[in-house]
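Every number here is computed from the coordinates shown, using simple stated rules; none is lab data. Nothing here was measured: the structure is a model prediction, and the numbers come from that model. FYI the Cβ positions are ideal-geometry reconstructions off the backbone, even for glycines, and counts take in every protein chain you see.
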Amino acid sequence: MAAAVGRVAHFAGRGLHAAVTPRWFPQQILRQLGAIGFLSLPVVGMTAWFTGAALALNIYSSGDRFNAEQVMAQIVALGITRELGPVLAALMLAGRVAAAIASEIGAMRATEQIDAMVTLSTDPFRYLIAPRLIAAIIALPLLTLVADIIGVAGGWQVAIHMLGTSPQIYIANTADFLTAWDVESGLIKAAVFGFIVGLMGCYHGMTAVGGARGVGRATTQAVVSSAILILAADYLLTSLFTRL
Amino acid sequence: MSAVSGIEVPKLEWRSVAKRFARAPVLDGLDLAVAPGRSLVLIGGSGQGKSVTLKIALGLMQPDAGQVLLDGVNVTALSENERRPLFSRIGMLFQGAALFDSLTIWENVAFRLVHSDGIPRREARERAIAAMHLVRLSPDVAQLYPGEMSGGMQKRVGLARAIVGQPDILFFDEPTTGLDPITAAAIDELIVDKVRSLGCTAVSITHDLASARTIADEVAMLYQGRIVWRGPVRELDTTENPYVRQFVGGSSQGPIDANV
């Protein structure tokens, strides 16, 4: 266990060093931003809308026990921006992106493409790993911002169409209640989760052994380890933020 | 028998190289050297350490003991960053060609030029197409992807990628494996032609004795992690060495353990 943590930490250190020092490959970073960020918009958007809408329904149907329906807009906004937006967007990316990265890099490893890259005087950490880490760290906060807006919109739509709440009052309650830190803390979490998704995809892909079976195993491990680390990091970051 | 036959200043040398996997020795004090401008073919059965020998020379694998010297410089003592510039002098053709799936053919061939040498894409494309011409590939295939080509054409692309940087050492890993005899002969001819025209030193590993007879100046046989015979290619069929006799004859009887 300790050895595995050490290997991941060493890999993360090499990846971060490659990400923050030249030489960069801008075309690869843009390509990964498209693959990780833009192409994840539909799944993240739908997840956020349904979550915001379900949250509003739950607060309305159960909230009357302690008059919480009066603060539905505030609870939806707080829940989405601080917790559900970043966590659910990250979990969606763990399934979609960490798996894709691990299987692509794992297949490259199995077919000697990464060895070929080394013999062509190109560092795989700069060409393959750093662009994916950079793209994931940038893309997930942007996706989270979108998820925040769509999630709040989902709650708003349920509130006004199904529960008869005034749209203006709902928006005013949301805007008056939310602070910048509510959104910022979610975006900081998202950047950390993005790093975890990129790192787990790249690490398990680069260390895949055993041909097609090994690539399959690496893909599964990338998704599972990303999801667990995201939830663990969420708890640690939330603990840290509540003390600030 | 000497593993280093009459070489004064080797271009490339493995000196007492050892490598074990899961406690089983793969290379056991390997001594081997190649003179500048010569083509050495390493033969031997499956699992005898031929690919490991190549990977250690390329820095893709670290030996447990011993050294690899390139022009007298111990490259095994260098860090990855220190070793990387040396790769600009090396070309490698992988067994499965190892082309990058997501790049077009010309981008594969020009990969080193664009990403390592910093040559502008337009110029790199011209040089890539010139290299493709040398291996008899039409410029029409420049925009195709590797998945759209046959195995033989992929090997040609791999060869073009290996020679585009004007290397002074070329490595070939099973260059004709999986190809039909005619395509294999064409690849062998290209290898001989390019190695001679570029004045390169070449190191190849193969099971294919017809290929070895075509591309080799010298042949070395690897068995149980050591060189058991080395000689000019013309002696491959006349040597009395029992290992070579058994291997060339394809016999299950002899000093080589034929258990599978």
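Can you say whether A:Met92 is of a type outside the set (Ser, Thr, Tyr), within 9 Å of chain B (Cβ to nearest Cβ) and surrounded by fewer than 24 Cβ atoms within 10 Å (Cβ to Cβ), as far as the supplied structure shows? No.
Figure legend. Inter-residue proximity from the range A:211-237: first residues on the phi > 0 side of the Ramachandran plot, second residues among the basic types (Lys, Arg), beta-carbon distance below 6 Å, spacing 6+ or different chains. No pairs are indicated.
The condition of being within 14 Å of another protein chain (Cβ to nearest Cβ), touching a residue at least 60 places away in the same chain (Cβ under 8 Å) and part of a helix (DSSP H, G or I) holds for only one of A:Ala130, A:Ala153, A:Ala136, A:Ala159, that being A:Ala130.
Every residue, every condition in (1) touching a strand residue (DSSP E or B) at 6+ places or on another chain (Cβ under 7 Å); (2) polar (S, T, N, Q), yes or no:
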residue	(1), (2)
B:Arg38	yes, no
B:Gly45	no, no
B:Ile56	yes, no
B:Pro63	yes, no
B:Gln67	yes, yes
B:Gly72	no, no
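Yes/no matrix, rows are residues, columns are (1) within 14 Å of another protein chain (Cβ to nearest Cβ); (2) within 28 Å of B:Asp140 (Cα to Cα); (3) in contact (Cβ under 8 Å) with a residue 12 or more places away in the chain:
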{"residue": "B:Ile43", "(1), (2), (3)": "no, no, yes"}
{"residue": "B:Val75", "(1), (2), (3)": "yes, no, yes"}
{"residue": "B:Asn81", "(1), (2), (3)": "yes, no, no"}
{"residue": "B:Arg89", "(1), (2), (3)": "yes, no, yes"}
{"residue": "B:Ala98", "(1), (2), (3)": "yes, yes, yes"}
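Screening B:Ser116 with (1) more than 8 Å from chain A (Cβ to nearest Cβ); (2) more than 24 Å from B:Glu174 (Cα to Cα) gives one miss only, at (1).
Which residue out of B:Glu189, B:Glu174, B:Glu218 is among the charged types (D, E, K, R), touching a Lys or Arg at 6+ places or on another chain (Cβ under 8 Å) and within 26 Å of B:Leu58 (Cβ to Cβ)? So that I can check it myself, show each step before the final result.
Details: B:Glu189 fails: touching a Lys or Arg at 6+ places or on another chain (Cβ under 8 Å); B:Glu174 fails: touching a Lys or Arg at 6+ places or on another chain (Cβ under 8 Å).
Exactly one residue qualifies, and that residue is B:Glu218.
Which is within 14 Å of chain B (Cβ to nearest Cβ), out of contact with any helix residue (DSSP H, G or I) (no Cβ under 6 Å at 6 or more places or on another chain) and part of a helix (DSSP H, G or I), of A:Ala107, A:Ala100? Of the residues listed, the single one that is within 14 Å of chain B (Cβ to nearest Cβ), out of contact with any helix residue (DSSP H, G or I) (no Cβ under 6 Å at 6 or more places or on another chain) and part of a helix (DSSP H, G or I) is A:Ala100.
Does the range B:167-175 include one or more residues that are outside any loop (DSSP other than H, G, I, E, B), of a type in the set (Asp, Glu) and in contact (Cβ under 8 Å) with a residue 60 or more places away in the chain?
Step one: list which residues in the range B:167-175 are outside any loop (DSSP other than H, G, I, E, B), which gives B:169-173.
From what is left, the residues that are of a type in the set (Asp, Glu) are B:173.
Adding the requirement that they be in contact (Cβ under 8 Å) with a residue 60 or more places away in the chain leaves B:173.
Yes: the range B:167-175 contains one or more residues that are outside any loop (DSSP other than H, G, I, E, B), of a type in the set (Asp, Glu) and in contact (Cβ under 8 Å) with a residue 60 or more places away in the chain.
Among helices (runs of 4 or more DSSP H) entirely within the range B:1-117, having at least 3 residues that are within 13 Å of A:Thr119 (Cα to Cα) singles out B:50-57, B:80-83, B:111-115.
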